[in-house]
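Notes follow once the structure below has been shown.
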Amino acid sequence: MASLTKEERQKCREQKELAHWQKEKARPKNKAYFWYLMLVLTLIYIIDEVTTNSVTQVEDGLIASFFPNTDAQTAEGYINLLSTAAIGLMILSCFYKPLADRFGRKIFLLINTLGMTSLFSSVASGTTFSSKPLS
């Protein structure tokens, strides 16, 4: 097998690329793709607008339902504290899979189950982070 010269390799590469583009040009185009893309982008835009504008309305209702016996400033502090904890958990989640691979997934499944159970039971029972007694 004789080795090809630099010019022959370049010409072969150009022929392959030309064949690829001719094949791509001959392929039938789907005209519905544009409308599908527009629909998806429109839905994304609408969802983004709704979620961006509804945060302040939801935040007031969230504070009132989770912290009914506290003043607004203290309740906002609790919400900010919980948000900070959530950011910490997001950072920890980067290490979660490697730790689960190393120590076994059953341990982390148990941790998740206990954590979700305690969270849902505290929400369902109506316990709050209020420092004031219920009247």
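Every number here is computed from the coordinates shown, using simple stated rules; none is lab data. This one's a predicted model, so the numbers in the text were calculated from it and none came from an experiment.
Can you tell me, using C-alpha contacts under 8 Å and at least 6 residues apart, the relative contact order of the chain as a whole percent?
Values: 23 pairs, mean separation 43.4, N = 135.
Relative CO of the chain lands at 32 percent.
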Worksheet item: In the P(r) worked out for the chain, what percent of Cα pairs fall beyond 17 Å?
Response: 80 percent
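What translational diffusion coefficient, in µm²/s and rounded to a whole number, does the Stokes-Einstein relation yield for the stretch 56-125 at 25 °C and a viscosity of 0.890 mPa s, taking the hydrodynamic radius as the Kirkwood radius over Cα pairs?
Working: Rh = 14.3 Å.
Approximately 171 µm²/s, per Stokes-Einstein.
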Fill in: 222 nm mean residue ellipticity, helices alone, for the chain (DSSP H n ≥ 4; -39,500 (n - 2.57); rounded to 500)
-28000 deg cm²/dmol
Item to complete: List the aspartates and glutamates whose Cα lies under 15 Å from the Cα of LYS23, skipping any in the same chain that are fewer than 8 positions away.
Response: GLU14
